[in-house]
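Down below is the structure, laid out as structure tokens.
The values are calculated or read from the model by the stated rules, or taken from the named source; none is laboratory data. Note that the structure is a prediction, hence the values are computed from the model and not measured. Because the Cβ atoms are built from the backbone with ideal geometry, glycine has one as well, and the counts that use them run over all protein chains shown. The protein model used for the area step is the full one, side chains on, heavy atoms only, and it has no ligands, DNA or RNA in it. Shrake-Rupley method; radii C 1.70, N 1.55, O 1.52, S 1.80 Å.
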Amino acid sequence: MKTGLLTHADCLNHVTPEGHPERVARLEHILHALEDLDLQRVTAPLAADDDLLRVHPQNHISDILDQRPSDGFKQIDGDTFMSPGSVDAAYRAAGAVVRAVDLVLGGEAPNAFCAIRPPGHHAETETAMGFCLFGNAALAAKHALDHHGLNRVAVVDFDVHHGNGTQDLLWDEKRALVITSQQMPLWPGSGRTDETGAYETVLNIPLAPGTGGAEMRAAYKAQAFPRLRAFKPELIIVSAGFDAHQDDPLANLNWSTGDFAWITAELCKIADEVCDGRIVSTLEGGYDLNALAEATRAHVEELMKAAQ
Ligand SMILES: [Zn+2]
């Protein structure tokens, strides 16, 4: 069976102002980089409101719909914008992760990657922020728990920024283990080790600016992987941000493309041990176009190797 690749052209219609790092070209570069890979290509559906309502109240959804501009841009906060195509893009992004969970739990794909935007891991319960409108990874987790009846799901977030939204949305969800590593200090400022969730199911791994591959690997081996193995998730969801790359302009970690391949391979190994290899990965950040495309390809190639 082949690794799933979920995307939709609507995700290219979420336009941000000139010079904004979270731009259409990111996804274009990724899709180009994945073009020749032998993947199971799946068109992402629009999410149903019921999917979004597992993590966001109706007023947040209505608020996003109400703010959609008919032309130009609507600024939501300091760095979050909407264009006329943003609502459909956000519904496709959320729909992609939900469908990916269905594919993987339904045995139609061993694992899957969602090449989507806007990203999701900064969106809090009632707050769109940090380029994110809906909490894609968290709603994928809730879909797996509530719709498919799983008992334990893990989210691993290796984006360079703290997954504050995922942490917020799953804070009091004892069936979900949230592991997030992030450069600290760095926007949004949260992600300290004492943020552990209502049921001690949140693990924050702050990394000092300049942290390279060796220290990252040591931190994951010492903290993340033992927690993940002990929790025995029935599905691993990955918030795959590639902005910890040494070439990324928004942060100061020094991971190489090989480090992203390594962490993916390790997560696949653990998934093989605990959940028949089931992984759903979704794109978060990554703002150097070449590094993003290269690291995403390395990530997807590891998923493909594990699928064989
Ligand atoms: Zn990021």
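Label region 14-168 by shape, choosing from rounded, prolate and oblate, from the square roots a ≥ b ≥ c of the eigenvalues of the Cα gyration tensor; if a/c is under 1.5 it is rounded, and otherwise prolate applies when a/b is larger than b/c, oblate when it is not. All intermediate terms of the calculation are to be shown ahead of the outcome.
Working: a/c = 1.70, a/b = 1.21, b/c = 1.40.
The shape class here is oblate.
Give me the net charge of Lys142's neighbourhood, meaning all other residues with Cβ under 10 Å from the Cβ of Lys142; Lys, Arg count +1, Asp, Glu -1.
Working: positive: Arg54, Arg175; negative: Asp51, Asp146, Glu173.
Neighbourhood net charge equals -1.
Quick one, could you list the DSSP H helices from the chain stretching 20 Å or more along their long axis (Cα atoms) with average Kyte-Doolittle hydropathy of -1.0 or above? All intermediate terms of the calculation are to be shown ahead of the outcome.
Details: long enough: 86-105 (28 Å, 1.05); 257-275 (26 Å, 0.51); 289-307 (27 Å, 0.11).
Those that pass (Cα extent of 20 Å or more, hydropathy at least -1.0) are 86-105, 257-275, 289-307.
Please list the non-local residues whose amide H lies under 5 Å from the amide H of Glu234, H modeled 1.01 Å from N, same-chain partners needing a gap of 5 or more.
For Glu234, the qualifying residues are Arg152, Val153, Ala154.
Quick one: compute the contact order of the chain, relative version, from alpha carbon pairs under 8 angstrom and 6+ residues apart, as a percent. Mind showing how you got there, number by number?
Values: 738 pairs, mean separation 60.5, N = 308.
Relative contact order of the chain: 20 percent.
List nothing, just return the count: lysine pairs in the chain, 8 or more apart or interchain, with Cα separation under 26 Å.
Lysine pair count for the chain: 16.
With the dipole of the chain worked out from charges on the C-beta (+1 for Lys and Arg, -1 for Asp and Glu) around the Cα centre, which of Ser86, Gly277, Cys11 lies farthest toward the positive end?
The residue sitting farthest along the positive end of the dipole is Gly277.
About its Cα centre, what dipole magnitude does the chain give when the only charges are +1 on Lys and Arg Cβ and -1 on Asp and Glu Cβ, stated in debye to the nearest 20? Numbers along the way, then the final one.
Working: 24 positive and 44 negative charges, 149 e Å.
That gives the chain a dipole magnitude of about 720 debye.
Under a Cβ-Cβ cut-off of 13 Å, what is the net charge of the residues other than Cys268 that fall near it, where Lys and Arg count +1 and Asp and Glu count -1? Intermediate values should be presented prior to the final figure.
Working: positive: Lys269, Arg278, Lys305; negative: Glu266, Asp272, Glu273, Asp276, Glu301, Glu302.
Neighbour charge sum, excluding Cys268 itself: -3.
If you restrict to DSSP beta bridges whose two residues both lie in the chain, what percentage is antiparallel, to the nearest 5?
Counting only bridges with both partners in the chain, antiparallel ones make up about 10 percent.
Give me a comma-separated list of calculated 3J(HN,Hα) values for region 182-198, in order, Karplus coefficients 6.51, -1.76, 1.60 applied at θ = phi - 60°, integers in Hz, x for any Gly or Pro.
Couplings: 7, 5, 9, x, 5, 3, x, x, 7, x, 6, 5, 8, 8, 10, x, 5 Hz.
How charged is the neighbourhood of Arg278? Take every other residue with its Cβ under 11 Å from the Cβ of Arg278, and add Lys/Arg as +1 and Asp/Glu as -1.
Values: positive: none; negative: Glu234, Asp272, Asp276.
Here the charged neighbours net out to -3.
Just the accessible area per residue of region 106-182, please: how many Å² with a 1.4 Å probe? Don't jump to the answer; show the numbers that get you there.
On the way: 1690 Å² over 77 residues.
It amounts to 22 Å² per residue over region 106-182.
Could you order the peptides 131-142, 169-180 from most to least packed, using the average number of other C-beta atoms within 10 Å per residue? Kindly include the intermediate steps, with their values, before the conclusion.
Values: 131-142: 30.0, 169-180: 22.7.
Highest-to-lowest ranking by the protection proxy: 131-142, 169-180.
Could you please state how large a percent of the accessible area of the chain is carbon and sulfur, counting protein chains only and using a 1.4 Å probe?
Values: 5120 of 10930 Å².
Here it works out to 47 percent.
Taking H placed 1.01 Å from N in the peptide plane, check which residues at least 5 places from Met129 or on another chain put their amide H under 5 Å from its amide H.
Under 5 Å from the amide H of Met129: Ala123, Glu124.
Using θ = phi - 60° and the Karplus form 6.51 cos²θ - 1.76 cosθ + 1.60, what ³J(HN,Hα) does each residue of region 43-53 get, whole Hz, x for Gly and Pro?
Each residue's phi maps through the Karplus curve to give 6, 6, x, 6, 5, 7, 4, 4, 5, 5, 5 Hz.
If you average the C-alpha positions of region 1-45 and of region 80-148 separately, how far apart do those two centres end up, in angstrom?
14 Å
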